[in-house]
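The values are calculated or read from the model by the stated rules, or taken from the named source; none is laboratory data. These numbers come from a predicted model, not from an experiment. Positions of Cβ are generated from backbone atoms using ideal geometry, with glycine treated the same way; all protein chains shown enter the neighbour counts. Surface accessibility is based on the protein's heavy atoms, side chains included, excluding ligands, DNA and RNA. Shrake-Rupley method; radii C 1.70, N 1.55, O 1.52, S 1.80 Å.
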Amino acid sequence: MNRPILYSIASLAVILSPLDSVQAADAGATAVNHARPFEPAVKPALLPLRPGAVEPAGWLRDWAQAARHGITGHLDEWHPTFADGWKGVPIKAPGAKRDGTGWPIEQSAYWLDGALRLGLVLHDDALISKIRARLDPVVRGVIQAEFGTTFIHWKKGKPQGFDSWAHSQMGRALVALHQGTGDQRVLEALIKVYADYPTNMGSLQLGGNVTGLCNLDAMLETYSFSGDRRILERALHAITQPELAKDIQAWKTGRLTPGHMVILYENIRLPGLVYPWSADANHLQATLGAFKWLDDYHLLPYGVASGEEFASGIGAFRKTETCDVTAMLLSASWMYRIQGEGGWGDRMERAFFNAGAAPVARDFQTMCYYQSPNRLRSDSLPCEQPHAPGPANIRFTPLGCSNVLCCVGALNRIIPHYIIHMWMATRDNGLAATLYGPCTVSALTGAGVPVKVSTTTDYPFGPTIRLRVEPARAVSFPLYLRIPGWCKSPQLTVNGSPVAIAPDPKGFARIARTWAKDDWVELELPMAPEVIRGYETEFPSANRTYYSFEPAEVFQPRRLPYASVLCGPLLFALPIADLDPNTPASDAKWQYALDTDATRPDGGITVERRPMPARWDWPLAAPIVLKAPVQAFDWRPTDAQALPPKPVTGTASETVRLIPYGCTKFRISMFPVTSRAWPPDSQPQVPPH
Ligand SMILES: [Zn+2]
């Protein structure tokens with residue numbers, strides 16, 4: 001990313017005067033469209049719209065519909081975990097307890113939340129009804145129970161440990177149900193539960209256990225709708241426990257221990273999430289410090305960190321659990337709301353368009369637990385180690401890894417979560433285009449005037465974004481367009497007339513005018529190939545618990561050079577054609593080193609574009625193709641050593657076609673390099689141990 005997130009206090013959300021405290025917000029009405037009735041002292045820069053306000057169009061709608069007709073729409077028909085989760089009945093499933101809790105309530109809550117949100121963004125009444133038939137009984141159970149109950153209403157007492165974490169996932173689903181439908185009974189249930197939730201929910205430790213602190217998302221959302229101060233007091237008490245202060249202090253300065261990556265992505269946002277309410281800058285800095293640490297030592301080129309199950313360093317056969325993609329997008333979207341930095345949009349797009357697409361089959365009928373930058377076969381390279389979560393963890397099946405069902409549940413959140421956050425409201429009663437893609441948004445602007453903005457684009461497969469503005473009546477409001485950090489020469493026209501672009505410090509171009517029906521804006525975001533370089537590193541020693549059977553050499557310090565190719569938000573890969581997601585073409589040739597020109601930012605790579613297909617399914621026949629110089633060489637990667645130790649010399653330079661990473665099932669996206677592609681002064685970043 002060319003314009004990184006500003007990891008400093010200088011880039012805070014809008015801070016209002018001390019007088020504008022929680023109490024003041026509690027007391028009064030606000031003129032800000034889409035603001036919550038009860039707002040924090042530090043006002044979040046962006047205001048999310050209700051699920052369903054943004055509806056996907058074009059290629060994105062095709063993909064969302066594939067999810068609807070595939071895993072997301074049917075998972076309850078495929079396994080008892082999803083058929084019976086949250087019914088309060090015993091479930092015949094891995095990790096289930098006799099009382100109807102355990103793994104299934106985590107995994108089915110992931111699915112229920114994702115499927116509900118997909119139904120809402122697609123305005124698909126049948127899917128919404130199907131999920132409501134599962135969520136309404138939870139709401140009813142809470143309302144009929146005594147005060148002091150929880151979403152696990154069929155069980156006496158407060159959930160601890162894993163069940164409290166699983167409870168947080170149901171909290172998120174119910175927040176979406178309230179937001180998406182306006183059903184006050186759902187809010188009543190949320191208040192009843194969180195007004196009496198334990199304040200000691202768990203720790204921020206990253207090593208091994210999920211935490212009930214993840215209920216903070218739903219608690220703070222519930223407070224922002226209800227103003228029930230018992231909830232806010234409990235949330236602030238939970239995050240200010242003395243034993244948490246040490247972690248918060250360490251994260252601020254980038255001192256983290258490589259822990260379980262789902263826990264890492266879920267936990268590191270928690271101090272930042274509370275920051276608007278606590279107004280303690282240490283909370284924000286802790287989250288920013290943790291994200292920077294992940295960027296420096298674990299981020300893979302597709303925009304999400306490695307995690308097998310622990311943070312696993314950087315490497316061409318390192319793997320990322322699909323749950324990590326979901327958790328990363330969730331945490332990044334919270335920080336986007338709070339800070340309003342366009343860099344979070346760059347980050348979310350890179351993760352969504354690349355890591356979001358790779359782990360699911362084109363027909364959305366199968367998925368995999370782990371993805372990897374390079375994938376040559378479906379049984380090794382990358383290998384199936386570690387044993388967690390179990391055999392076949394890199395194969396595509398209807399349930400992913402069939403004995404651990406978290407990923408097939410969490411997968412369903414990825415698409416709707418992106419769509420919901422494509423537009424957000426601004427505090428000056430405007431609208432911000434926060435993530436790009438084809439869609440239509442309906443929201444209030446100016447003095448509460450409804451407006452619809454339709455976005456027609458092939459983005460990220462094409463550079464042109466056309467917005468048509470349709471207010472109910474002429475209305476003055478600012479329209480903010482995110483200018484991605486990678487874009488060097490954006491161009492803008494309003495009703496055909498060129499407008500100079502001067503992005504503000506947060507990376508947005510602001511167009512303030514009176515908008516009338518059929519006004520239109522065209523934003524051109526030219527994308528140029530960009531070669532990024534880095535080093536494969538060793539596995540962090542914290543992974544030894546998972547790697548006792550691996551050769552010791554994977555823990556020995558290593559600095560193996562690699563290069564990857566980006567163009568706009570897309571990572572590009574040398575595709576290995578597939579017969580199906582588990583069967584690569586046998587004659588594929590992939591033994592190449594990237595031979596780009598290190599003196600040029602684009603490396604001498606050229607771009608070819610073709611029309612978008614009539615229906616989008618992440619095809620090998622991609623609408624954007626890069627032609628890159630490579631050299632063939634005798635490359636024999638092993639699971640323990642994916643890349644050569646230094647730049648290689650191959651045969652004569654030739655040209656290969658690269659396509660978007662998300663269109664591939666087998667591929668090379670972290671390439672060995674020739675000397676020509678590797679500047680002699682490259683210095684490795686040394687990870688901490
Ligand atoms: Zn998972």
(message) Taking the criterion of being open to solvent by less than 10 Å² (accessible area, probe 1.4 Å) and within 12 Å of the ligand (Cβ to nearest atom), would at least one residue in region 372-379 satisfy it?
(response) no
(message) If I ask for residues that are of a type in the set (S, T, N, Q) and open to solvent by 10 Å² or more (accessible area, probe 1.4 Å), which ones from region 169-210 would you list?
(response) Gln179, Thr181, Gln184, Thr199, Asn200, Ser203, Gln205, Asn209
(request) Just one of (1) touching a Leu at 6+ places or on another chain (Cβ under 7 Å); (2) farther than 30 Å from Tyr297 by Cα; (3) buried (at least 19 other Cβ atoms within 10 Å of the Cβ) trips up Ile501, so point out which. (result) (3)
(request) Scan region 389-411 and give yes if some residue there is away from the ligand (no atom under 16 Å from the Cβ), open to solvent by 10 Å² or more (accessible area, probe 1.4 Å), of a type in the set (A, V, I, L, M, F, W, C) and under 21 Å from Asp113 (Cα atoms), otherwise no. (result) no
(request) May I ask you to list the residues in region 273-320 that are over 18 Å from Lys43 (Cα atoms), part of a loop (DSSP other than H, G, I, E, B) and charged (D, E, K, R)? (result) Glu308, Glu309, Arg318, Lys319
(request) Evaluate region 340-351: report whether one residue or more is among the hydrophobic types (A, V, I, L, M, F, W, C) and within 16 Å of the ligand (Cβ to nearest atom). (result) yes
(message) Whether any residue in region 37-55 is among the aliphatic types (A, V, I, L, M) and open to solvent by 50 Å² or more (accessible area, probe 1.4 Å) is what I want to check.
(response) no
(message) So Leu571 ticks every box in (1) in contact with a strand residue (DSSP E or B) (Cβ under 6 Å, 6 or more places away or on another chain); (2) part of a strand (DSSP E or B); (3) of a type outside the set (Phe, Trp, Tyr); (4) crowded, with 18+ Cβ neighbours inside 10 Å but one. Which box is left unticked?
(response) (1)
(request) Among the numbered conditions (1) more than 16 Å from the ligand (Cβ to nearest atom); (2) within 24 Å of Arg117 (Cα to Cα); (3) touching a residue at least 24 places away in the same chain (Cβ under 8 Å); (4) not polar (S, T, N, Q), tell me where His417 comes up short. (result) (1)
(message) Here is a list: Leu244, Leu232, Leu216. Which entry is crowded, with 17+ Cβ neighbours inside 10 Å and modelled with pLDDT under 95?
(response) Leu244
(request) Scan region 315-343 for residues that are hydrophobic (A, V, I, L, M, F, W, C), open to solvent by 10 Å² or more (accessible area, probe 1.4 Å) and in contact with a helix residue (DSSP H, G or I) (Cβ under 7 Å, 6 or more places away or on another chain) and jot them down. (result) Leu330, Trp334
(request) Take Gly52 and decide whether it is under 24 Å from the mean Cα position of the chain (by Cα), within 27 Å of Pro137 (Cα to Cα) and at pLDDT 95 or above. (result) yes
(message) Suppose we filter region 247-278 for residues that are within 16 Å of the ligand (Cβ to nearest atom) and either aliphatic (A, V, I, L, M) or modelled with pLDDT under 95 (or both); how many remain?
(response) 6
(request) Please identify the pairs in which a residue from region 353-365 that is open to solvent by 10 Å² or more (accessible area, probe 1.4 Å) has its Cβ atom under 8 Å from the Cβ atom of a residue that is among the small types (Gly, Ala, Ser), counting only partners at least 6 apart or on another chain. (result) Arg362/Ala66; Asp363/Ala66; Asp363/Gly70; Gln365/Gly70
(request) Give the residue, chosen from Ala96, Ala83, that is in contact with a strand residue (DSSP E or B) (Cβ under 7 Å, 6 or more places away or on another chain) and more than 19 Å from Ile419 (Cα to Cα). (result) Ala96
